[in-house]
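Asks: Right, I'll just put the structure down here and ask away after.
The values are calculated or read from the model by the stated rules, or taken from the named source; none is laboratory data. All values reported here derive from a predicted model rather than from experimental measurement. Don't worry about glycine lacking a Cβ; one is built from the backbone with ideal geometry, like all the others, and counts go over all protein chains shown. When the accessible area is computed, the model is the full protein with side chains, heavy atoms only, and any ligands, DNA or RNA have been set aside. Shrake-Rupley method; radii C 1.70, N 1.55, O 1.52, S 1.80 Å.
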Amino acid sequence: MSRNNIQPPQGDLKDLAGLPKRVNLGEQKKRISGQVEAGKAHIEGDMELGKKLVTALRSSGDFQRATQGFHSYPARLHPEAARLMLEAIPGKDLADPFCGGGTILVEALIAGRHVYASDLNPIATLVSTARTALLSPEQLERLGKELDDIHLKAAQSLDEKRNVHLPPTILKYKSWYKSNCFNELACLFDAIQNYESELKPLFQAVFSSLVVKYSLRASDTSNKVVYIPRKNGTVLRAFKEKSKEYVTQLAELQTLVPPNTDAAQITLADARHPDFAKVDTIITSPPYPGTYDYLPLQQLRSAWFELNMRENQEIGSRRAFKQVKAAYERWLKDTDAWVAASAKALITGGHLAVVVGEGVQSGKTLRVAKPTIQAAEKAGLKFVTSASVDRHDPATKQKKIEYILVFEKV
Ligand SMILES: C[S@@+](CC[C@H](N)C(=O)[O-])C[C@H]1O[C@@H](n2cnc3c(N)ncnc32)[C@H](O)[C@@H]1O
């Protein structure tokens, strides 16, 4: 089976239940943003800024702060890299049109910025919303209580073997779970769906953080089947622990964000047509060409939540790179389109910073810096700096360069 065989969310995976153990259903390469050895660095343009950005690119190690550790998301930026970029590019606002799991948004709130963000992926906006929630002490206390309540209700449903109502989409994916884990997730899901609260998206995010971990999938970025024995009650216990951890992380976030900082405005939108107002700073990390299939990777979560994934609008997807030349040309056009849209959203004197890395397909390196610089110049932005660090990709044993490119609207 090919490495790209990530099943689309509509797919019925029932037939996979009969497969032998540990079947490789296609593994995605791990992106290495900000997490690897210090490679050779290169700076062009503004040296002082470039040096700061090289330090950002070289961020590594464990960095747990506020909600940064809550919920996995593919190709997450290193939080310290986000913090250092915000420090190097001062401003009042921060917009991120490819917000993913919200790493930059959390750091921007802590820096007291007005935050605007979007992504095409509803799981990205769910996770970002949960990671940036600004709550009053009363709301925070209520969140803890309501999560406990949900846990209790789910445990009761399970004990009483109550019939719970589930979306037909997830029933098609039942074979991705051991039955005890599925039943516990089902009871939690039902308890959340029936809970009247404005905090419901936060409950859903806690639930979402368990959906892949307690399935037969090896990880968020791999469809490899792994059978890990799970005792009855494991998922319910994990929900309780995760809830507690999340409330603690959110409490820390509230203490770090300066008073009077507005809540982040997060919307579901295509970066080629963003809907945020004029801003002074955009810092973002678009999909690297051919590196991930962000939307299909969320197939289990989208099945639980019955989400429409709009897969054909995803930029730079790995599956499109089965035809390398055509897909790369498409990526170049998409880069022109989103950079032009971002340039439009900037005020004069505002900055766009792009974290982007090369892809490797069929032994060929897909260049990203020159086309992004050209796209910015076409959109009327002035080149300020390019900072880059060489990465070694263990999967292809090739060098891939990762960049932070900064432009100014003049
Ligand atoms: C490199 S990831 C961003 C990761 C993020 N910086 C973080 O730290 O979690 C790229 C994101 O682009 C999103 N994406 C892909 N195509 C898009 C499009 N046309 N419009 C908006 N977002 C898109 C993907 O869903 C993914 O979340």
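Asks: When DSSP beta bridges are limited to those with both residues in the chain, what percentage is antiparallel, rounded to the nearest 5?
Replies: Given both bridge residues lie in the chain, the antiparallel proportion sits at roughly 70 percent.
Asks: Now a separate question. Quick one: Kirkwood hydrodynamic radius for segment 246-368, alpha-carbon pairs, angstrom, one decimal?
Replies: 17.0
Asks: On the principal axes of its Cα set, how long, how wide and how thick is segment 310-410? Give whole Å, largest value first.
Replies: Extents along the principal axes, in whole Å: 42, 32, 19.
Asks: Roughly what would the spin-label model give for LEU134 and PHE383, points 7 Å off Cα along C-beta, in nm?
Replies: About 3.8 nm separates the two model spin labels.
Asks: Taking θ as phi - 60°, what are the ³J(HN,Hα) couplings along segment 168-173 by the Karplus curve (6.51, -1.76, 1.60), each to the nearest whole Hz, with x for Gly and Pro?
Replies: Per-residue couplings from phi come out as x, 4, 6, 4, 5, 9 Hz.
Asks: Please list, ordered by chain and number, the residues whose modelled amide H lies under 5 Å from the amide H of GLY39; skip anything fewer than 5 residues away on the same chain.
Replies: ASP390
Asks: Could I ask something else about it? Could you work out the longest stretch of the chain that avoids the GluC sites (Glu not before Pro) located in DSSP loops with at most 12 other Cβ atoms within 10 Å?
Replies: Result, exposed sites excluded: 38-159.
Asks: May I pose another question? Using Cα centres only, tell me the gap between segment 64-126 and segment 152-177 in whole Å.
Replies: Going from one Cα centre to the other spans 33 Å.
Asks: Give me P(r) over the chain, computed from all C-alpha to C-alpha distances, binned every 20 Å, as integer percentages.
Replies: It works out to 27, 57, 16, 0, in whole percents.
Asks: OK, next. What whole-number distance in Å separates the alpha-carbon centres of segment 304-373 and segment 238-301?
Replies: Between the Cα centre of segment 304-373 and that of segment 238-301, the gap is 19 Å.
Asks: Take the Cα radius of gyration of segment 290-335 and divide it by 2.2 N^0.38 Å, with N its residue count; two decimals is plenty.
Replies: Scaled against compact globular proteins, the figure is 1.25.
Asks: Taking amide H atoms as placed 1.01 Å from N in the peptide plane, list the residues 5 or more away in sequence, or in a different chain, whose amide H sits under 5 Å from that of THR267.
Replies: HN-HN under 5 Å from THR267: ALA117, SER118, ASP119.
Asks: When only alpha-carbon atoms count, how far does segment 148-205 stretch along each of its three principal axes, as whole angstroms with the largest first?
Replies: If we take the Cα atoms of segment 148-205, the spans are 32, 24, 15 Å.
Asks: Which whole-Hz couplings ³J(HN,Hα) result when phi for each residue of segment 265-282 is put into the Karplus expression 6.51 cos²θ - 1.76 cosθ + 1.60, θ = phi - 60°, listed in order with x for Gly and Pro?
Replies: 9, 10, 10, 8, 7, 7, 5, 7, 9, x, 10, 9, 6, 5, 9, 9, 9, 10
Asks: If you bin every alpha carbon distance in segment 137-255 into 5 Å steps from zero, what whole percent lands in each bin?
Replies: 2, 11, 22, 23, 19, 13, 8, 3, 0
Asks: Next question. Go through LYS242/LYS397; LYS40/LYS370; LYS322/LYS382; LYS145/LYS213; LYS325/LYS399; LYS52/LYS325 and tell me which ones have a Cα-Cα distance over 26 Å in this structure.
Replies: In this structure, LYS242/LYS397; LYS322/LYS382; LYS52/LYS325 lie more than 26 Å apart at Cα.
Asks: Toward the positive end of the charge dipole of the chain, about the Cα centre and with charges on Cβ (Lys, Arg +1; Asp, Glu -1), which of ILE373, PRO286, GLY357 goes farthest?
Replies: It is GLY357, whose Cα lies furthest towards the positive end.
Asks: Return the FRET efficiency for the residue pair LYS174, GLU241: r is the Cβ-Cβ distance, R0 is 30 Å, and the value is rounded to the nearest 0.05.
Replies: Between LYS174 and GLU241 the formula returns 0.75.
Asks: List the chymotrypsin sites (Phe, Trp or Tyr not before Pro) within segment 197-303 that DSSP assigns to loop and that have no more than 12 neighbouring Cβ atoms inside 10 Å.
Replies: Counting only loop positions with at most 12 other Cβ atoms within 10 Å, the chymotrypsin sites (Phe, Trp or Tyr not before Pro) in segment 197-303 are TYR227.
Asks: About its Cα centre, what dipole magnitude does segment 338-382 give when the only charges are +1 on Lys and Arg Cβ and -1 on Asp and Glu Cβ, stated in debye to the nearest 20?
Replies: That gives a dipole near 100 debye.
Asks: Name the residues whose placed amide hydrogens come within less than 5 Å of the amide hydrogen of ALA95, ignoring near sequence neighbours (fewer than 5 apart) on the same chain.
Replies: TYR116, THR281, ILE282, ILE283
Asks: Can you give the Rg/Rh ratio of segment 125-177, where Rg is from the C-alpha atoms and Rh is the Kirkwood radius?
Replies: Radius of gyration relative to Kirkwood radius: 1.11.
Asks: Report, in debye and to the nearest 20, how large the dipole of segment 116-189 comes out about its Cα centre when Lys and Arg carry +1 and Asp and Glu carry -1 on their Cβ.
Replies: I would put it at about 400 debye.
Asks: Mean residue ellipticity at 222 nm from the helices of the chain, using -39,500 (n - 2.57) per DSSP H segment of n ≥ 4 over the full residue count, to the nearest 500 deg cm²/dmol?
Replies: Calculated at 222 nm, the ellipticity per residue is -12000 deg cm²/dmol.
Asks: With a 1.4 Å probe and every protein chain left in place, work out the accessible area per residue of segment 137-255 in Å², rounded to a whole number.
Replies: 48
Asks: Just want the answer: with Cβ charges of +1 for Lys and Arg and -1 for Asp and Glu, which residue in PHE203, GLN249, HIS165 is farthest toward the dipole's positive end in segment 137-255?
Replies: Positive-most Cα among the choices belongs to HIS165.
Asks: Under 15 Å from the Cβ of GLY350, count the other residues' Cβ atoms, weight Lys and Arg +1, Asp and Glu -1, and hand me the total.
Replies: For residues surrounding GLY350, the net value is +2.
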